[in-house]
Amino acid sequence: MKIRKSVLLSGMFALSGLFTAGFAQSDVDKRVEELLSKMTLEEKLGQMNQVSFFAVDDKAIAQYSDDDMDAFLVRMGIAGGQGQKKPSEMSKQEKIDLIKAEADKMLDSNITGPVRNGKIGSLLNVTDAEMVNKMQKAALEDSRLGIPLIIGRDVIHGFKTIFPIPLGQAASFDPQLVEDGARVAAVEARSTGVTWTFAPMLDISRDARWGRIAESLGEDPYLGGVLGAAMVRGFQGNGNLNDPGSVAACVKHFIGYGAAEGGRDYNSTNIPPHLMRNVYLRPFHEAIKAGAATLMTSFNDNDGIPASGNGYILKNILRDEWKFDGFVVSDWNSVGEMIAHGYAKDDRQAAELSANAGLDMEMVTGSYMKYLPELIKEGIVSMETVDNAVRNILRIKFRMGLFENPYVDTKKASVLYADDHLKAARQAAIESAILLKNDNNTLPLSEAKKIAVIGPMADAPHDQMGTWVFDGDKNYTVTPVGALKGEYKHIDYVYEPALGYSRDKNTANFEKAKQAAASADVAVVFLGEEAILSGEAHSLSNINLIGVQSDLLKAVKSAGKPVVLVIMSGRPLTIERDLPYADAVLFNFHPGTMGGPAIFDLLFGKANPSGKLPVTFVREVGQIPMYYNHNSTGRPAPEKVMTLDQIELEAGQTSLGNTSFYLDSGKDPLFPFGYGLSYTTFEYSDITLSSPSIPMNGTLTVKVTLKNTGKVDGAEVAQLYIQDIVGSVIRPVKELKGFQRVALKAGEAKTIEFSLTTNDLAFYGRDLVEKAEKGDFNVWVGGNSNASLRSTFSVTE
């Protein structure tokens, strides 16, 4: 099994051990109760215990220097002592053999032995099929009760075939594409023995400084709910959990993690009840309704209560209101981190708080196994609480068919990087790209023209895959330069990276870049950020193009040729200062394995951009948080606002317009939610409603004419927004309530239709009860959240 060098170093050389602290429902329930009745307390707690597993092989050990190996051998007492060879007297292979033998002992002591004894219910990070089979054999054939393990892995946007990051997939506004991507990931992961993924991440993300916005589906609860449900269906085989090509989904992070103060990861959140109900909980509820098997608690506290110890969200909302009957797992050591929060004084109290809050499985902390026996004996945690947790875990294992089919067929042909998987990843990258600017129809490019390919992201196979990719292989990544050497080898091009990577500040090759641009008909500049600059624990306070990339763009523009800026990034960036130096801008949230050919499909017009922004792009970081579905204020900004240069010297102290905006950056974002251009143009007209009013429990039909007014075929994402003008609590200025991808030939027009029910208009009002309220509504249909085609209707009793 291959593992990262850093994992081996922390897991073995630092001596931390090999892990850190489909049936009918009635049949399933019967089997659960029968098994539960036979279990000892220790075996029950074992099911609630998840540990992380790291195996080592000769190849992994061989990566280390002789000094590292020597130090390990001496530290472990297997070399250098009395009667033992000194490391200097050994060959490298002898050292490898000794270390491997010691690792196998540690594996048996720390993993295989506890599995045989029923002390482990789930393992993380086993991706070698033979090792999975070995572990499952220990669980099923060598243990007393034969309960299979559930094998977890972070399969976030692909297993081997890497799709665009989730934020990129959200830009497609295409539920089927998202479902297909999750299905590919599930099939590949399950083929190695992985049976559980920690996705989708459904945290509402309104702050691009937060690194994990990359894993999110954006800022909108409706879009996040629709796409999150699609991802669940893809992972879980559309409800068929015992399908051998399915994995259990785990919706995360419950709840509010994306609202971390200042965009600083793991930070506190303060989300009041109405906002929590109307925004942050909605996509999670949609995923649970879609059948998500498991759920993960978040790291953060909200209003002073850490999620892993919050019984209200885990019992009252999740179990009582939503009727969730899967199991809940903590995030990595989030139980233990309640001590650092100041919510628990020690691991014992942390175990008590989490168990009593309704957290079923503990990820790696180990406090359940250690402390729950005495807490139960003392009556602080009830046996019923433990039994309910184990019921939830066993229920999912039975539904997944793990008791019948726990093993991997290692003789089957590999499905990794299958042709249809790569094709799907390419289509996902195409639909996820957003055209932000295209002055003078710079794009699409003619294949007869010579292009200068410039910039550090033009040939960055690792970084192109994006964040949170544990199993993707950069050797399979097709970069833009790789595409030019392969499928697009007929293109005349010159390549000058100018910078070695996105943070590189060496400008020595800028003149070469200018010369390359001057020698070509058009310059295509690939900028952005490395994968490691976004994702967990990678927040930024400055989200400009990092380093000297903006200077490189200016230098290329000075060559006097048309410039196409292609960005690959894990988050929205503040690129307003860069726009004047690019004639066209194609934005790609890290596009994955097939990003290179997908981008050239778009640049050369084989495909027409159709992506739409799933998050608002701000002008500068000081505008954050800025999102389209905000509440109105008592003094909303007018269309035109005062600017700094309009203020007279020594002006009298006034409120300067009496409205809500920034004197320096105005009231508007750089690009609004839902924005995205095409090589053609679309016109919305003739909005009609089936009725000027609907009763409670009624349905309204909204029709508009959508026409392709350009000269090429294209697809448009038509978006429907509503506004509840007056409510018992203030309602957002606009809310997305529907979208459709509509393909139109050049000159073609179609009537498109949306249906709205009063259930779609329901919200949690002053009494915190979800219902629609009578009154007047605005409704818009258009190509982004600034849609202007409007009508009105009312809801009556």
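The values are calculated or read from the model by the stated rules, or taken from the named source; none is laboratory data. All figures in this text were calculated on a predicted structure; none of them were measured in a lab. Glycine gets a Cβ as well: all are built from the backbone with ideal geometry, and neighbour counts include every protein chain shown.
Worth a mention:
- Scanning the stretch 701-737 for residues that are over 19 Å from residue 223 (Cα atoms), hydrophobic (A, V, I, L, M, F, W, C) and touching a Ser or Thr at 6+ places or on another chain (Cβ under 6 Å) gives a single hit, 712.
- Failed item, numbered, when residue 353 is tested on (1) within 21 Å of residue 268 (Cα to Cα); (2) within 28 Å of the chain's Cα centre (by Cα); (3) not small (Gly, Ala, Ser): (2)
- Restricted to strands (runs of 3 or more DSSP E) entirely inside the stretch 694-752, those with at least 3 residues that are at pLDDT 95 or above, more than 27 Å from the chain's Cα centre (by Cα) and not aliphatic (A, V, I, L, M) are 699-708, 714-724.
- The single condition among (1) touching a helix residue (DSSP H, G or I) at 6+ places or on another chain (Cβ under 8 Å); (2) buried (at least 23 other Cβ atoms within 10 Å of the Cβ); (3) more than 18 Å from residue 311 (Cβ to Cβ) that residue 369 does not meet is (2).
- Test: residue in the stretch 525-547 that is more than 26 Å from the chain's Cα centre (by Cα) and surrounded by fewer than 21 Cβ atoms within 10 Å (Cβ to Cβ): no
- Residues in the stretch 342-363 that are touching a strand residue (DSSP E or B) at 6+ places or on another chain (Cβ under 8 Å), crowded, with 19+ Cβ neighbours inside 10 Å and either over 24 Å from residue 399 (Cβ atoms) or not acidic (Asp, Glu) (or both): 351, 354, 358, 359, 361, 363.
- Taken over the stretch 380-413, the residue count meeting the criterion of being assigned to a loop (DSSP other than H, G, I, E, B) and more than 20 Å from residue 193 (Cβ to Cβ) is 3.
- Leading residue by the ranking (surrounded by the fewest Cβ atoms within 10 Å (Cβ to Cβ)) among those in the stretch 122-151 that are more than 15 Å from residue 191 (Cα to Cα) and among the small types (Gly, Ala, Ser): 146
- Among the candidates 179, 219, residue that is modelled with pLDDT of 95 or more and buried (at least 24 other Cβ atoms within 10 Å of the Cβ): 219
- Evaluated against (1) of a type outside the set (Lys, Arg); (2) modelled with pLDDT under 95; (3) crowded, with 24+ Cβ neighbours inside 10 Å, residue 113 falls short on exactly one condition, (3).
- Top-ranked residue of the stretch 427-442 - restricted to ones that are of a type in the set (Val, Ile, Thr) and buried (at least 24 other Cβ atoms within 10 Å of the Cβ), ranked as nearest to residue 564 (Cα to Cα): 434
- Single residue of the stretch 557-578 satisfying the filter (part of a loop (DSSP other than H, G, I, E, B) and among the basic types (Lys, Arg)) that is surrounded by the most Cβ atoms within 10 Å (Cβ to Cβ): 571
- Condition broken by residue 23, with the remaining ones in (1) modelled with pLDDT under 75; (2) surrounded by 13 or more Cβ atoms within 10 Å (Cβ to Cβ); (3) closer than 30 Å to residue 474 by Cβ satisfied: (3)
- Total residues in the stretch 365-407 satisfying the condition of being among the β-branched types (Val, Ile, Thr) and within 19 Å of residue 249 (Cα to Cα): the figure is 3.
- Any hit, the stretch 137-157, residues being in a helix (DSSP H, G or I) and in contact with a Gly (Cβ under 8 Å, 6 or more places away or on another chain): yes
- Enumeration of residues in the stretch 233-249 that are more than 21 Å from the chain's Cα centre (by Cα) and among the hydrophobic types (A, V, I, L, M, F, W, C): 241
- Residue match in the stretch 465-473 (condition: more than 21 Å from the chain's Cα centre (by Cα) and either part of a strand (DSSP E or B) or surrounded by fewer than 22 Cβ atoms within 10 Å (Cβ to Cβ) (or both)): no
- Residue within the stretch 460-470 that is over 30 Å from residue 153 (Cβ atoms) and modelled with pLDDT of 95 or more present: no
- Set side by side, the residues 755, 791 differ, and just one is assigned to a strand (DSSP E or B) and out of contact with any Phe, Trp or Tyr (no Cβ under 9 Å at 6 or more places or on another chain), which is 755.
- Index of the failed condition, residue 390 passing every other in (1) in the same structural domain as residue 255 (by TED's automatic domain parsing); (2) within 30 Å of residue 269 (Cβ to Cβ): (2)
- Within the set 755, 788, 728, the sole residue that is surrounded by fewer than 17 Cβ atoms within 10 Å (Cβ to Cβ) and under 19 Å from residue 674 (Cβ atoms) turns out to be 788.
- Selection count, the stretch 88-127, where residues are β-branched (Val, Ile, Thr) and over 26 Å from residue 248 (Cα atoms): 2
- For the residues 570, 622, 560, 592, the requirement of being within 30 Å of residue 274 (Cβ to Cβ) and among the small types (Gly, Ala, Ser) singles out 622.
- On inspection, residue 264 fails the criterion of being under 21 Å from the mean Cα position of the chain (by Cα), basic (Lys, Arg), in the same structural domain as residue 239 (by TED's automatic domain parsing) and crowded, with 18+ Cβ neighbours inside 10 Å.
- Residues in the stretch 619-632 that are in a loop (DSSP other than H, G, I, E, B) and out of contact with any Leu (no Cβ under 6 Å at 6 or more places or on another chain): 9 in all.
- Summed over the stretch 289-302, the residues that are outside any strand (DSSP E or B) and surrounded by fewer than 24 Cβ atoms within 10 Å (Cβ to Cβ) give a count of 4.
- If the condition is being within 17 Å of residue 164 (Cα to Cα) and in a loop (DSSP other than H, G, I, E, B), then the stretch 199-241 contributes 199, 200, 202, 216, 217, 218.
- Leading residue by the ranking (nearest to residue 576 (Cα to Cα)) among those in the stretch 498-554 that are part of a helix (DSSP H, G or I) and among the acidic types (Asp, Glu): 551
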